[in-house]
Amino acid sequence: MKTIALDDLIFEPDINFRSSLDETTVERYRESVDSLPPLVVVNVPDQGYVVADGFHRGAALRLEDRTQVQCKVTEGSIYDARMISATANAKHGKPLKTAERDKAILWMVEGGMTHQAVANAIGIGRTAVMAALRRSGVPPNPERSELIREGLSKLDMSRDDIPSEKDRPAP
């Protein structure tokens, strides 16, 4: 934990997946500013302390004319800050709206994460990840679908030959 001047923190809008701050949440945080959890910041070389989690708390602290803030500091990159931001509200604070969560999911998948890894990071199911990608206009992975078709044809099978979960015997 480290105390950092609020003016030394970088509140980079591109790190935050939210479309805007929610004023109701900021006002609620103002009422309990002394008991809020620390901001999570990433100390990025040649840039400084980039806020990854705590945009609403930071706004509340500014409105309360606070000059210092407790921060949990990690060393890393802008990518690390964005990853923390993408996953932070799965555990606390104001949940991301559907469009905001979809934006985070798309960013994570485009960065190379598997659907299951994204689901685990955000705390949702894999089908929710796929639904978010569909809403974002991302087509299913044709390469993977082709590999599945090729693998099944080599086994002289089709998808219809694969038992569903309900048809599988209990272990």
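The values are calculated or read from the model by the stated rules, or taken from the named source; none is laboratory data. No experiment lies behind these values; they were computed from the predicted model shown. Cβ sites come from the backbone with ideal geometry, for glycine too, and all protein chains shown count toward neighbours. Surface areas here come from the heavy atoms of the whole protein model, side chains and all, with no ligands, DNA or RNA. Shrake-Rupley method; radii C 1.70, N 1.55, O 1.52, S 1.80 Å.
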(message) Show me the three semi-axes of the equivalent ellipsoid for the stretch 1-139, from the C-alpha gyration tensor (sqrt of 5 times each eigenvalue), largest first, rounded to whole Å.
(response) 28, 17, 12
(request) For the stretch 1-41, divide the Cα radius of gyration by the Kirkwood radius and give the resulting Rg/Rh value with two decimals. (result) 0.97
(request) Kindly list the residues of the stretch 82-115 that lie in the label zone of GLU31, defined by a backbone N under 20 Å from the point 7 Å along the Cα-to-C-beta vector. (result) 92-95
(message) Place a point 7 Å from the Cα of ASP14 along the Cα-to-Cβ direction; which residues of the stretch 33-50 have their backbone N under 20 Å from it?
(response) 41-50
(request) Mind ranking 124-136, 94-106 by how tightly packed they are, going by the mean number of other C-beta atoms within 10 angstrom, highest first? (result) 94-106, 124-136
(request) Heads up, I need the accessible area for PHE11: 1.4 angstrom probe, whole protein in place, Å², nearest 10. (result) 60
(message) Probe radius 1.4 Å, ligands and nucleic acids ignored: give me the carbon and sulfur share of the accessible area of the stretch 1-126 as a rounded percent.
(response) 50
